[in-house]
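Notes follow once the structure below has been shown.
We did not get these values from a lab; they are worked out from the coordinates using the rules stated. Owing to the predicted nature of the structure, the values given are computational and were not obtained by experimental measurement. Neighbour counts are summed over all protein chains in view; Cβ atoms, including those assigned to glycine, are modelled from backbone coordinates with ideal geometry.
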Amino acid sequence: MLKQYKEAIEKSNIISKTDVNGIITFVNDEFCNISGYTKDELIGQNHNIVRHPDVDDEKFKYLWETIKHKNIFKDTVKNLAKNGTTFYVNTTIIPILDKNENIVEFVAIRYDVTKEVALREELLKKEREYEELNKSLEKRVQEQTKELQELNQTLEKRVRDEIAKNEDKQRVMFWQSRHASLGQMLANIAHQWRQPLTELSLAMFNIKKALQNEQADNVTKFYDESKNIIKNMSETIDDFTNFFSPDKEKYYFNISESIRESIGLLESVINDEMIIIKTEFNDIKVLGITNELTQVIINLINNSKDAFIHNSILLREINITTKKERDFAVIEVHDNAGGISKENIEKIFEPYFTTKHKSRGTGLGLFMSKMICEQGLNGTLDVKSKKNTTTFSIKIPLDKHEK
Ligand SMILES: Nc1ncnc2c1ncn2[C@@H]1O[C@H](COP(=O)(O)OP(=O)(O)OP(=O)(O)O)[C@@H](O)[C@H]1O
Ligand SMILES: [Mg+2]
């Protein structure tokens, strides 16, 4: 039975025996198969005939220390076959003792794990590759992120620069239009004053005459008259000053009053140019700056006036209406001043678009008016032109309690 056991082990494992000095005394067929040596080539040789040059001395020393101390050595060992190929064997070396407990020989039982080791190495290699790949990927992601961040920053800067440029441009345009309307207002004041100035000089002349004729009563009468005229002139100035005072606080105001103000400020021009203004007002309050809406209406009336003159219209009419339409206050300024051509109507809200001579128009009126409607009043300014008429409509959203 012992023989059978021996055979069973020999058939299934790689077996070798050495003497106490490591000289091979026995090898089985399996050992010959895996190492590539014949039995004759092996017997009598030192066991390190199959030692692989990669295995360091430390490991070898440890092996000998273990078995010389009568302990069993167990490990996976890298070996070299005769033809130079490498094989791995899971090795158990057992010291065999005699009855005096002295080592007689060593039996080594091994089995081939070359495939498993190769697989494990392949796996490790793959793992390392993945790690590398992961690292390079991470690096690339970092680089890309950095690039994107930089791009973002330059983009942000460019956007900021553009906004600043735009703001500068808008500031310039704002001042240009302010300048233009100031000029228009001065012209209006001059207009408004022409008549009272004539009246005033007449009153002065009368005072002089009354003094010469020693008519004290008449002096007083003409003096009072003059005072009244001067008071009216002063009021005109006040109106314009009020209009130009920089009011930046938003509050609820009645749009009809704001429009009446515009008509009032343009009164003398309207009369001189024989323009009939028809109004149909509903009292509606909106949130914003009343002077700004006044400015918009002045721009619209001035444009109508210019068109009346340019197109030599005889019967000049402007209709201004205010009404509520759903959630909006709607102001319509309608004139029969000749209309706007299809070609021009698309451009009239662009800054600097004008059909007038440069001494008469900057082309900023409607651009500024639209800005005011959109930004100041949170609304819209649109235009429609049919036949010989033009209608501008301003839509301003109503507050909850005004709806
Ligand atoms: N009611 C209108 N009827 C006919 N054409 C108009 C009317 N309103 C505006 N336009 C046309 O639109 C153009 C642009 O108007 P906008 O008020 O922006 O500039 P402008 O009146 O030419 O100059 P500014 O108002 O800056 O002095 C005008 O030049 C004119 O051709
Ligand atoms: Mg204009």
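Observations
- Degrees separating the helix 255-265 axis from the principal Cα axis of the chain, which is the longest one: 50 degrees
- Rg/Rh for the range 246-402 (Cα atoms only, Rh after Kirkwood) is 0.95.
- Whether the range 235-331 is rounded, prolate or oblate, judged on the alpha carbon gyration tensor where a/c under 1.5 counts as rounded: oblate
- Selected from Glu138, Glu101, Glu235 as most flexible by GNM, with the chain as the system and alpha-carbon contacts under 10 Å: Glu101
- Over the chain, Cα pairs under 8 Å with separation of 6+ residues give a relative contact order of 9 percent.
- Rounded, prolate or oblate (a/c below 1.5 giving rounded, otherwise prolate when a/b exceeds b/c) for the range 22-87 by Cα gyration tensor: oblate
- Each helix, a run of at least 4 DSSP H residues, gives -39500 (n - 2.57); summed and divided by the residues of the chain, these come to -18000 deg cm²/dmol at 222 nm.
- Close amide-amide hydrogen proximity is noted between Phe328 and Leu398, each under 5 Å apart and 5 or more residues distant or on a separate chain (H modeled in the peptide plane; Pro and chain starts excluded).
- Exceedance of the 27 Å cut-off in Cα-Cα distance is limited, within the set Lys358/Lys395; Lys3/Lys115; Lys115/Lys139; Lys250/Lys324; Lys248/Lys356, to Lys358/Lys395; Lys3/Lys115; Lys115/Lys139; Lys248/Lys356.
- In order through the range 323-331: 3J(HN,Hα) via Karplus (6.51 cos²θ - 1.76 cosθ + 1.60), integer Hz, x for Gly, Pro: 7, 8, 10, 6, 9, 10, 8, 10, 10
- In this structure the amide hydrogen of Thr76, modeled in the peptide plane, comes within under 5 Å of the amide hydrogens of Thr91, none closer than 5 places in sequence on its chain.
- Selected from Thr290, Thr236, Thr92 as most flexible by GNM, with the chain as the system and alpha-carbon contacts under 10 Å: Thr92
- Neighbourhood net charge (12 Å Cβ-Cβ; Lys/Arg +1, Asp/Glu -1) for Tyr352: +3
- Against the chain, whose longest principal axis comes from its Cα atoms, helix 216-244 is set at around 10 degrees.
- Distance from the range 354-388 to the range 1-48 (C-alpha centre basis), Å: 108 Å
- Whether the chain is rounded, prolate or oblate, judged on the alpha carbon gyration tensor where a/c under 1.5 counts as rounded: prolate
- Beta bridges from DSSP with both residues in the chain: antiparallel share about 90 percent, rounded to the nearest 5.
- Taken one residue at a time, the phi angles of the range 163-179 give Karplus couplings (6.51, -1.76, 1.60, θ = phi - 60°) of 4, 4, 4, 4, 4, 4, 4, 5, 4, 4, 5, 4, 5, 4, 5, 4, 4 Hz. Gly and Pro are set to x.
- Note on the chain: GNM, Cα springs under 10 Å; of Glu343, Glu58, Glu249, the largest mean-square fluctuation is that of Glu58.
- Principal axis box of the range 2-112, alpha-carbon based, largest edge first, Å: 42, 37, 23
- Highest mean packing first, where packing is the average number of other Cβ atoms within 10 Å per residue, the peptides 372-385, 145-158 line up as 372-385, 145-158.
- Rounded to 10°, Cα long-axis angle of helix 290-310 versus longest principal axis of the chain: 60 degrees
- C-alpha center-to-center spacing [the range 50-83, the range 250-322] in angstrom: 109 Å
- Remark on Thr279: its backbone amide H falls under 5 Å from those of Ile320, a criterion applied only to residues 5 or more positions apart or on other chains, H modelled at 1.01 Å from N.
- Coupling constants for the range 351-365 follow from the phi torsions by the Karplus curve (6.51 cos²θ - 1.76 cosθ + 1.60, θ = phi - 60°), and in residue order they are x, 6, 7, 8, 10, 9, 5, 5, 7, 10, x, 9, x, 9, x Hz; glycine and proline get x.
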